[in-house]
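Please read the structure below before turning to the comments.
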Amino acid sequence: MLRAYGPGCDGSVVDAKLTRIPDSATWVDLEEPTEEEEKLVEQCIRMDVPTEDEMSEIEPSSRLYEHRGALYMTVSVLVGVMDGNPRTAPISFVLTDNRLVTVRYATPKPLRAFAEHARRDAELVRDAPTALIRMLDAIIDRLADELEAVNADIEQISGSIFHNKMDERRIPAARLTALLTRIGRTQTLLTKIRYSAVSTMRMLSFLSGSPRTNEEASADLRHHLTSLTTDATSLGEHASFLTDHLQFLLDASLGLISIEQNAAMKLFSWAAVVFLPPTLIAGIFGMNFRYMPELNWHYGYPISMALMLASAIGPYLYFKRRGWI
């Protein structure tokens with residue numbers, strides 16, 4: 001799908017059979033483009049459009065480069081958070097003298113929101129650099145929103161692990177599975193956020209060092225890039241902090257599991273020690289040999305019962321006094 005935005009362009013779909021894109025279009029958005037749409041854009045901007053395979057390259061030299069005066073930049077953007085399947089999808093930006101072309105095979109929320117705003121306010125896409133800066137600003141804002149949501153989720157996880165009441169800190173098997181699954185999904189989302197933030201910082205660094213950005217007439221552009229770079233760096237650092245905090249919570253939850261297991265084994269251990277002497281006594285007096293002298297005791301049964309009870313109470317009181325139980 002090919003859409004054109006700019007003064008006089010409302011973002012409507014452009015027919016790939018046309019011979020040209022409106023001259024007033026400053027932003028051309030290619031969403032899962034067909035071969036005809038790619039040829040139309042290449043004909044209008046006189047530049048090659050990155051293919052899906054080229055966008056998937058992970059080397060910085062393949063994602064960020066300049067060719068014939070145009071800047072080719074590919075950034076990994078966070079998608080699928082609302083669907084419960086967070087991932088990153090590559091989006092390529094081709095910045096020419098008068099146009100910005102985006103090529104994508106996914107529809108992240110910040111681009112969808114920016115496109116809606118561009119339809120209502122053509123000032124957002126008055127020229128190609130402005131459209132690019134506004135778009136990157138929307139992407140970074142979206143990462144900040146997701147980090148805030150992750151931070152709130154981590155606070156809930158921390159509250160459930162370090163609950164004030166002892167009974168609430170006990171972790172049954174079903175609750176344990178849910179807790180570890182929640183920690184794992186949160187860690188996955190954080191990893192995707194960090195990857196997107198790092199990819200965005202690389203793009204901003206490349207864009208800031210390009211000759212076009214360092215022209216005297218691009219002072220305002222440099223100012224915005226510096227601000228966006230600072231924001232992206234802060235997001236990366238905050239994501240690293242949350243990752244460390246989440247790792248601590250994972251270690252704490254596993255520690256509580258170990259404590260529960262040790263407590264259970266401790267219970268079985270002292271119970272075995274307490275009931276071992278009575279079992280031994282019962283085993284001895286339960287033998288039915290013909291010439292056992294105790295078989296004729298008149299009070300043999302109550303004596304053996306009292307002896308078993310005393311042998312059980314004695315170790316229990318000893319363990320209690322030592323604080324082992």
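The values are calculated or read from the model by the stated rules, or taken from the named source; none is laboratory data. Source: prediction; values computed, not measured. Here Cβ is always computed from backbone atoms with ideal geometry, including for glycine, and neighbour counts include all displayed protein chains. Note: accessible area is taken over every heavy atom of the protein model, side chains too, but ligands, DNA and RNA are not part of it. Shrake-Rupley method; radii C 1.70, N 1.55, O 1.52, S 1.80 Å.
Brief remarks on what is shown
- Verdict on Leu225 being within 17 Å of Ile157 (Cβ to Cβ) and either open to solvent by less than 60 Å² (accessible area, probe 1.4 Å) or in contact (Cβ under 8 Å) with a residue 12 or more places away in the chain (or both): no
- Whichever residue in segment 112-129 is open to solvent by less than 80 Å² (accessible area, probe 1.4 Å) and touching a residue at least 60 places away in the same chain (Cβ under 8 Å) and, among such residues, is nearest to Glu215 (Cα to Cα): Pro129
- Residue match in segment 210-222 (condition: part of a helix (DSSP H, G or I), among the aliphatic types (A, V, I, L, M) and touching a residue at least 40 places away in the same chain (Cβ under 8 Å)): yes
Condition check ((1) within 30 Å of Pro129 (Cα to Cα); (2) at pLDDT below 75; (3) in a helix (DSSP H, G or I); (4) among the β-branched types (Val, Ile, Thr)) across all residues:
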| position | (1), (2), (3), (4) |
| --- | --- |
| Thr229 | yes, no, yes, yes |
| Leu246 | no, no, yes, no |
| Ala252 | no, no, yes, no |
| Lys266 | no, yes, yes, no |
| Trp270 | no, yes, yes, no |
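- Condition check for Phe206 on (1) in a helix (DSSP H, G or I); (2) without any contact (Cβ under 8 Å) to a residue 12 or more places away in the chain: one failure, at (2).
- For beta carbons closer than 6 Å, sequence separation of 6+ or different chains, a first residue in segment 40-51 that is of a type in the set (A, V, I, L, M, F, W, C) and a second that is open to solvent by 50 Å² or more (accessible area, probe 1.4 Å) and part of a loop (DSSP other than H, G, I, E, B), the qualifying pairs are Cys44/Arg20.
- Search result, residues across segment 67-83 that are over 21 Å from Val49 (Cβ atoms), crowded, with 18+ Cβ neighbours inside 10 Å and at pLDDT below 90: Val81
- The set of residues in segment 101-143 that are acidic (Asp, Glu) and in a helix (DSSP H, G or I) comprises Glu116, Glu123, Asp137, Asp141.
- Look at (1) assigned to a strand (DSSP E or B); (2) closer than 20 Å to Arg112 by Cα; (3) open to solvent by less than 40 Å² (accessible area, probe 1.4 Å); (4) not polar (S, T, N, Q) and you find that Arg3 fails only one, number (3).
- Scanning segment 130-165 for residues being in contact with a Ser or Thr (Cβ under 8 Å, 6 or more places away or on another chain) and surrounded by fewer than 13 Cβ atoms within 10 Å (Cβ to Cβ) gives a total of 0.
- Ala138 of a type in the set (Gly, Ala, Ser), farther than 28 Å from Ala219 by Cβ and modelled with pLDDT of 85 or more: no
- Condition met for Ser199 (open to solvent by less than 60 Å² (accessible area, probe 1.4 Å), within 22 Å of Gly69 (Cα to Cα) and in a helix (DSSP H, G or I)): no
- All positions within segment 23-41 that are within 22 Å of Ala115 (Cβ to Cβ) and out of contact with any helix residue (DSSP H, G or I) (no Cβ under 8 Å at 6 or more places or on another chain): Asp23, Ser24, Ala25, Glu31, Glu32, Thr34, Glu36, Glu37, Glu38, Leu40, Val41
- Criterion applied to Leu190, Leu207 was being at pLDDT 90 or above, in contact with a Ser or Thr (Cβ under 9 Å, 6 or more places away or on another chain) and open to solvent by less than 10 Å² (accessible area, probe 1.4 Å), and the one residue passing it is Leu190.
- So Thr51, is it surrounded by 22 or more Cβ atoms within 10 Å (Cβ to Cβ) and polar (S, T, N, Q): no
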